[in-house]
Amino acid sequence: MIKQLLLVFLGGGAGSALRFLISKNLNTLSSIPLGTLLVNFFGSLLIGFIIGLGMKQETISPNTTLLLATGFCGGFTTFSAFSFENQALLKAGDYFNFGIYSAGSIFLGIAAVLTGIWVSRLG
C-alpha cells in the first residue's frame, strides 16, 4: 500500500508542476483559459491511452497505471481550476467565453479519452 501511495504522490506532483507551468504561460494568451483547456484535453487523451493500453493484453502494470493515470493525469488535469475559471468568466459576465470554454472542455475531454483508447488499440 505504501508503494502505491508513493507512486500516486510522485505522479501527481509531476503532473501538478507541469500543469502549473503550462497554465502560467498559456492562460494569459486568450480570454479563455487556454492552458487549462489544453491541459485537460491532453490529460484526457493520455489517460485514455494509458487505460486503453492497460486493457490491451495488460501491456501496462497496475503500478504503472497508478503512477501515470491516477497520479500524473490526476495531478495534471484540473477540474477544480476549470470550475474556478468558469466562475470567474460568469462573474465577469463573459457568457460567450464561458459557453465555449465549458463546452470545449467537456466535449474535447470526452473525445480525447475515446481517442486515447482507440489509439492504444492500433497495431
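Given the condition within 14 Å of the chain's Cα centre (by Cα) and touching a residue at least 40 places away in the same chain (Cβ under 8 Å), answer yes or no: does some residue in the range 83-96 qualify? Taking every residue of the range 83-96 in turn, none turns out to be within 14 Å of the chain's Cα centre (by Cα) and touching a residue at least 40 places away in the same chain (Cβ under 8 Å). Residues being of a type outside the set (Val, Ile, Thr), over 21 Å from residue 108 (Cα atoms) and touching a helix residue (DSSP H, G or I) at 6+ places or on another chain (Cβ under 9 Å) are entirely absent from the range 36-52. Within the range 77-103, the set of residues being at pLDDT 95 or above and under 25 Å from residue 52 (Cα atoms) comprises just one member, 103. Looking across the range 69-122, just one residue is touching a helix residue (DSSP H, G or I) at 6+ places or on another chain (Cβ under 7 Å) and of a type in the set (Lys, Arg), and that is 121.
The values are calculated or read from the model by the stated rules, or taken from the named source; none is laboratory data. On a predicted model such as this, the values are computed, not experimentally measured, just so you know. Cβ: placed from backbone, ideal geometry, glycine included. Neighbour counts: every protein chain shown.
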